[in-house]
Amino acid sequence: MKNCPVCGSSNFGHINKNPDFSGLDVVECKHCHFFYTQVEDGQNFYDYYKEEYRTERGEKASPQYITKMNFRAEAQKNFIFEFEPDIYGKKILEIGCGCGSLLKIFENYGCDLTGYEPDEKMFQKARSRLPKAALYNDIFRPGNLPDESFDMVLLSHVLEHVEDLHLYLQDFQRILKPGGVLFIEVPQESRAKVKAVLKYRTGLGHLWFFSSKNLKRLLKQYFPKLKIECYGMPLGMYMGQWFNTKMYRLFKLLRVRGGGTLAEQFSKKCKKGIYLRCCCRKEFC
Ligand SMILES: [Zn+2]
């Protein structure tokens, strides 16, 4: 059994089976309270992401889906620009680029774009939107790209799926130029949410369940300088969306001074939101 990837502790308790990877246990580290899947050595999920993942989630590159992704990408770009305003003409890699919404934004800044996307239909959509980008209909495999070759590496809802956190983070550090930026967005998971998700929901494919605290602790081992924030609706409101409560509609409709919706302002202030996003910088030697 594996020690906690965040703090290294060998003291953990069993929580549940991972519903998407039958046979793999999810445990909670008794020391830092990170919830993680006991992935076996040498295991990879390439076939799952190439063949099953998008189908199981019911995700298609439809016009509605692309609009939703464009909206998310715009918010991510604003967050990245606050951390790194000097973006023009930079070399950018996105791992799991989906239908290409985030790369599309950087195209407008004259960036040199590379993307990996295992799902063929998503890849085709990205291909048609980004004719000049170097796109690969494949999984990103650590170790395949040259040292210090990118100014920025982007992972939107990808880190929670990779089979070995340290292998990938080491590789991002290696392929980034000194001063380069790693952007990560992942779901934020509370104890209650992890337990509910593991019981009732399949098709998410998550191996790692991050809180703001343990994501920060993990990333700081490779990137001492970072900025992290909660984003999106708080969990209660997110659940409300499913039942379409009046409260949810009110929060969604009200636009407040300073930009965004009331829900967005609330999650920033209270540090409660369903997503975490983070920018880290590779140190100059
Ligand atoms: Zn731990």
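Readers should treat all values here as calculations from the given coordinates under stated rules, not as data from a laboratory. Computed from a predicted model, the values in this text were never measured in an experiment. Note: ideal-geometry Cβ built from the backbone for every residue, glycine included; neighbour counts use all protein chains shown.
Computed quantities for the displayed model
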quantity: Nonlocal amide H pairs with residue 208, under 5 Å, H built at 1.01 Å; calculated: none
quantity: Which of 161, 178, 230, positive extreme of dipole for segment 133-234 (C-beta unit charges); calculated: 230
quantity: Restricting segment 99-154 to trypsin sites (Lys or Arg not before Pro) in coil, as DSSP defines it, with at most 15 other Cβ within 10 Å; calculated: 132
quantity: Karplus-derived HN-Hα couplings along segment 100-112 (A = 6.51, B = -1.76, C = 1.60, θ = phi - 60°), whole Hz, x at Gly and Pro; calculated: x, 4, 6, 4, 4, 5, 6, 4, 5, 9, x, 7, 8
quantity: Residue exposure sequence - 83, 35 - by fewest surrounding Cβ within 10 Å; calculated: 83, 35
quantity: Interchain or long-range residues, amide H under 5 Å from residue 115's placed H; calculated: 94, 134, 135, 136
quantity: Too-long pairs where the Cα-Cα distance tops 24 Å, listed order kept, from 2/77; 50/213; 30/213; 60/177; 199/227; calculated: 2/77; 50/213; 60/177; 199/227
quantity: Per-pair calculated FRET efficiency, R0 = 41 Å: residue 148 and residue 121 via Cβ, rounded to 0.05; calculated: 0.75
quantity: Interchain or long-range residues, amide H under 5 Å from residue 16's placed H; calculated: 26
quantity: For segment 142-150, 3J(HN,Hα) per residue [Karplus equation, 6.51 cos²θ - 1.76 cosθ + 1.60, θ = phi - 60°, Hz, x = Gly/Pro]; calculated: x, x, 8, 10, x, 4, 6, 10, 10
quantity: Counted charge near residue 83, where neighbours are those whose Cβ lies closer than 14 Å (Asp, Glu -1; Lys, Arg +1); calculated: +1
quantity: Cα-based reach from residue 91 at 15 Å (exclusive), listing aspartates and glutamates while leaving out same-chain residues under 8 positions away; calculated: 107, 112, 147, 148, 151
quantity: Expected-Rg normalisation [2.2 N^0.38 Å, Cα atoms] applied to segment 69-183; calculated: 0.98
